[in-house]
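Structure record follows, encoded as structure tokens.
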Amino acid sequence: MTDNFNRRNFLKMSGAVLAASTAGAAMSVSGSALAADTSAAIATGLKAALPKARGPRLVVVGGGTSGLTIAKYAKKEYPKFDVVLVEKRDMYSSCFSSNLWYAGLINLEFLANHSFLDGATNNGYTYFNATVTGLDRASRTLVTSEGDIGYDFLVLAPGISYDYDKIGVSDVDTMTALRQKYPGGFISPTEHVTIHRKVQEFEGGVFVQSVPGGNYRCLPGPYERACLIASVIKKNKLKAKVLVLDANPEITIKAKGFHAAFNELYKDIIEWKPNSAITSVDVEKRAIKTEFDSYTFDDAAIYPNVRGSTLIEHLGLMAPASKSTQKEANIDTRFYNIVGDPHVYVTGDSRPHPYSKSANTSNTEAHYVAKVLAARAQGKEIAWVSPRTICYSMVNANPMEAISVDAGYDYSAEKDAITGFSKDTKTFENRDTAKGQATLEWARGIYRDMFEA
Ligand SMILES: Cc1cc2nc3c(=O)[nH]c(=O)nc-3n(C[C@H](O)[C@H](O)[C@H](O)COP(=O)(O)OP(=O)(O)OC[C@H]3O[C@@H](n4cnc5c(N)ncnc54)[C@H](O)[C@@H]3O)c2cc1C
């Protein structure tokens, strides 16, 4: 049985999303606002130790889902490109599928047994392990911790950062303690290791999983995690509950499927609290306040609101608040270049579009942007193509059962905005083992697409 996603659903789901990113109308912000700010850092003059470019140099920042896919496919689309992928991590491990590790459905190798070196060798580009710290757009120079890199085209895909201010945590002491002791688990692998330990060592009591407001990363992710932590509690017969403090009035995606899992599989374990945006956290007392209530917990994964990566702001590429309330990039709706600068692009979860911030969105978007870059390197333009959000959520561990969604998006030239889900958008909310298996196959497919030739 499939449900047709229609405009009402898009608005219901993306009410919060759109509120967070009013990308539409303001997309036509003139470039002038940014023109003045072309050098967010002066080139150091210290050249990065890289081979001389043998063609137009495309530099891609960020070895995540978006950056890895662009580095590979831009080279495929236009082999003359000399592609350099700049990534600050020296070890890859995926965010997507990390929830499955907590319930023992996969091992760490599943997430991390992928080499940046092999991805580069298999696909004819250069992996450069460095942290980007600045950008001089006037001289088209990227400043990194390992020296400057000249570019003809630059793609920034740095992912997201957390916005603890939005959950009432503004003092750096509390934020640091919270980030360290009760991490959100939606950015870095070290957070995943901490949450994995917490779940494996949990002996009972209350485990809080928060769900932020706005257009946060991986809309179903926190609900999937609640189900999988509850499956461990069930298996270990612990006297415990998972308290889901949800800032939203309703589950933000695949609501029917998750409500069914909560009620049918985890009736006495999962307690879901809508309209429960966190307003403060006392880390030492393990106490949380929301607008209407206060709670104490034994352990937690506190997922705060998200924003575009702080790198985007640092490089002077952030959209005005009228365009994005999540400090995302100031880019063209269809072609992802910084408004007024056809040499610099921002893709992935730092985009301001009301798309679901997910790996499949970033991967399919990257295939398209690779074509945009290849065309522009040859003085051509191509037509806009919608990214695809295909997302499986594992709601049961034994047997492995999942629900899923397959969504596309509509673009309005009149508004220069993304206006809704495309007509062929569908959800598959009856959990079953076939989708359970497909959840693993989907992830393997993304790893192959990013790392193999
Ligand atoms: C728990 C969890 C479950 C998820 N489940 C799913 C799912 O089931 N399906 C789905 O489709 N998506 C899922 N996602 C979402 C998905 O992982 C992300 O949306 C996707 O990875 C975003 O890709 P990205 O390239 O924009 O960012 P990222 O993958 O975060 O990559 C950004 C990269 O940029 C690098 N970087 C940042 N700053 C710098 C700098 N200054 N210099 C150099 N490098 C830098 C970072 O190290 C990182 O490697 C999930 C995410 C999480 C956390």
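The values are calculated or read from the model by the stated rules, or taken from the named source; none is laboratory data. Treat the numbers as computed from the prediction; the structure is a model and nothing was measured. Note that each Cβ is placed from the backbone with ideal geometry, even for glycine, and that neighbours are counted across all protein chains shown. Ligands, DNA and RNA are excluded from the accessible area calculation, which covers all protein heavy atoms including side chains. Shrake-Rupley method; radii C 1.70, N 1.55, O 1.52, S 1.80 Å.
Charged side chains reduced to their Cβ positions (Lys and Arg at +1, Asp and Glu at -1) give segment 205-285 a dipole of some 320 debye around its Cα centre. Return one number: the angle in degrees, 0 to 90 and rounded to the nearest 10, between the long axis of the Cα atoms of helix 221-235 and the longest principal axis of the Cα atoms of the chain. The angle comes out at about 40 degrees. Estimated purely from DSSP H runs of n ≥ 4, each contributing -39500 (n - 2.57), the mean residue ellipticity at 222 nm for the chain is -9500 deg cm²/dmol once divided by its residues. Filter Lys52/Lys380; Lys357/Lys435; Lys88/Lys235 down to the pairs with a C-alpha to C-alpha distance above 29 Å, please. Result: Lys88/Lys235 exceed 29 Å. In this view, the solvent-accessible surface of Arg197, computed with a 1.4 Å probe and all protein chains in place, comes to about 110 Å².
Once you keep just the Cα pairs under 8 angstrom separated by 6 or more residues, what percentage relative contact order results for the chain?
23 percent
In angstrom, the C-alpha Rg and Dmax of segment 49-141 are 15.2, 50. Under a model in which nothing but the beta-carbon of Lys, Arg (+1) and Asp, Glu (-1) is charged, segment 342-404 shows a dipole of about 240 debye around its Cα centre.
Scaled against the 2.2 N^0.38 Å expected of a compact globular protein of N residues, the Cα radius of gyration of segment 164-301 reads 0.98.
DSSP bridge analysis restricted to segment 164-301 gives an antiparallel fraction near 35%, rounded to the nearest 5. For segment 145-288, a simple Cβ point-charge model (Lys and Arg +1, Asp and Glu -1, everything else neutral) yields a dipole of about 920 debye relative to the Cα centre. Heavy-atom accessible surface of Lys371, to the nearest 10 Å², is about 100 Å², with a 1.4 Å probe and all protein chains retained. What is segment 164-301's relative contact order, in percent, from Cα pairs under 8 angstrom and six or more apart in sequence? Taking the mean separation of contacting Cα pairs over the length of segment 164-301, I get 30 percent. The accessible-area ordering, largest first, of the residues Lys52, Lys241 stands as Lys52, Lys241, per a 1.4 angstrom probe.
Hey, what angle do you get for helix 172-181 against the long axis of the chain, alpha-carbon based, 0 to 90 degrees rounded to 10? It works out to around 70 degrees.
Multiplying the residue separation of Asn275 and Glu414 by 0.36 nm and subtracting their alpha-carbon distance yields 46.6 nm.
Between Asp165 and Arg89, the FRET efficiency estimated from the beta carbon spacing at R0 = 22 angstrom works out to 0.25. Helix 359-377 and the long axis of the chain differ in direction by around 10°, with both axes built from C-alpha atoms. The stretch between Val172 and Thr121, if pulled fully straight at 0.36 nm per residue, gains 14.2 nm over its current Cα-Cα span. Label positions at Lys267 and Lys76, each projected 7 Å from the Cα along the C-beta direction, are separated by 4.9 nm.
Summarising the label geometry, the points placed 7 Å from Cα in the beta-carbon direction at Ala260 and Asp152 lie 5.2 nm from one another.
The accessible-area ordering, largest first, of the residues His314, His192, His343 stands as His314, His343, His192, per a 1.4 angstrom probe. Comparing Val208, Leu245, Ala260 along the charge dipole axis of segment 164-301, the residue lying farthest to the positive side is Ala260, per the Cβ-charge model. Out of every Cα-Cα pair in the chain, what percent are more than 29 Å apart? Beyond 29 Å sits 46 percent of the P(r) for the chain.
What share of the DSSP beta bridges in the chain is antiparallel, in percent to the nearest 5?
The answer is about 55 percent antiparallel.
Put +1 on the Cβ of each Lys and Arg and -1 on the Cβ of each Asp and Glu in the chain; which of Trp442, Gly184, Leu50 then has its Cα farthest toward the positive end of the dipole? With unit charges placed on the Cβ atoms, the residue in question is Trp442.
Legend: distances between Cα atoms for Lys72/Lys371; Lys256/Lys289; Lys254/Lys289; Lys198/Lys237; pairs beyond 18 Å are Lys256/Lys289; Lys254/Lys289.
Rolled with a 1.4 Å probe across the full set of protein chains, the surface gives Trp272 an accessible area near 60 Å².
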